[in-house]
Amino acid sequence: MPTFGTIYEDGLEIWGQHNDNNFQYEAFLNNFFEPTPNAGEVYLTRCGRRMEDIEVCEAGKTLKLSVVSAPGAASPSVEVEDDLGRRKILVNEQGDALVPFKKGFTFRLQVSSGGYIKPYLIYAVEPAQIKQIPNYADLIKSLAENPPDWTEKTFKEFQNRLETILNRDGVPKLFTSGILEYHLGLFQEQQKDPNFRERLQAAYGYLRWFIPFSDISRLICSYYLFCANDFEASIRPPLGSGCKIAKTSIFFIGLNGSNCDQTKKVLSSNYGLPLLVQMTDALTFQAVEAFFDGRKSDAIKLCAIINKKIIPEFHRERAERVKFLEACLKQKNGNLPEAKEIFKRLQESPWESISSAAKNSLKKISHE
């Protein structure tokens, strides 16, 4: 059986069509706190949150940033550097600075106070350039009919094709690095290299900045969070819901048939954008879909295939997920003793999301 599968996911349609995009983006970063500077420290905040070393904004926009510094510190200074050189940005009495980003470019921004300097790297992106890259989609679709079992040579050929597609104006290097890291993580997992988790995490770290502007980034980040068993985060806006990843995440969160009407509303979707994923996960998506559709025998057969493909010691996350799915199937078939036994074992899962789902399932069984 091939190592990889290709899933087709819905595009992110609403971004850029509403006025609350900036709020959604900041809310997604989930980094709300009251920043308190150390003595002599100075930094910038964006929409009330402390800026990170790397930030992404839309080209053509002007960001309103605020300077935070320790009381009594030297007057702060903000400078921006782009293709026109370095220049100072006016900071008003309230500590606010307006920084325009007129075109897609990588900007260097710094705020200083006395001898303290805090630098930032800002990527101003043109969403149309990275939303859905047609040549990228065509490349992934071409793998649907012939899923790869990569060798060092064939993966390098794929990597070169991918770099050629992404190496064009308007595509930030950070975005390109994230796409390449993601597929390298898939390859390393195929090779049973445990470092694949670090590769996928790095891809998420690079691409999360581009979620509001790129469907590709959104899907890869959602899939990474699913692989890490962080199911709630994988469907949190602006990642959205309605795709195969979301269907399966909703299942593991606990909507495993107990609220069918609500579940069907969330799961209705049309698929279009391709994403290369591990075959065992593609089969898991199919098994959960069969579960929701009432095709229990199909779901059981798919679980059997997944179990043959995974190595529990290496695929620890997948082993826990398939156990939970099998327990839910036993519960649905009326085999409550075996279902309870599996759920009890899963209460000790190292992944809190699986442990919590197992505990909730046990509570439901006790009330049946």
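Ignoring lysines fewer than eight residues from K363 along the same chain, the ones with Cα atoms less than 16 angstrom from its Cα are K330, K332, K340, K344. Within the straight-line cut-off of under 20 Å between alpha carbons, the lysines reachable from K131 are K61, K102, K103, K141, K173, K244, sequence neighbours fewer than 8 places apart in one chain being disregarded. Enclosing the Cα atoms of segment 158-205 in their convex hull gives a volume equal to 54 cubic angstrom per residue. When the P(r) of segment 95-208 is calculated, the portion above 16 Å amounts to 69% of the C-alpha pairs. Fraction of C-alpha pairs exceeding 11 angstrom in segment 180-224: 59 percent, rounded to a whole number. Peptides 161-169, 358-366 ranked from most to least packed give 358-366, 161-169, packing being the mean of other C-beta atoms within 10 angstrom over each peptide's residues.
Any read-out appearing in this document is the output of simple, stated calculations on the displayed coordinates, not a laboratory observation. These numbers were taken from a predicted model, which means no experiment stands behind them. Note that each Cβ is placed from the backbone with ideal geometry, even for glycine, and that neighbours are counted across all protein chains shown.
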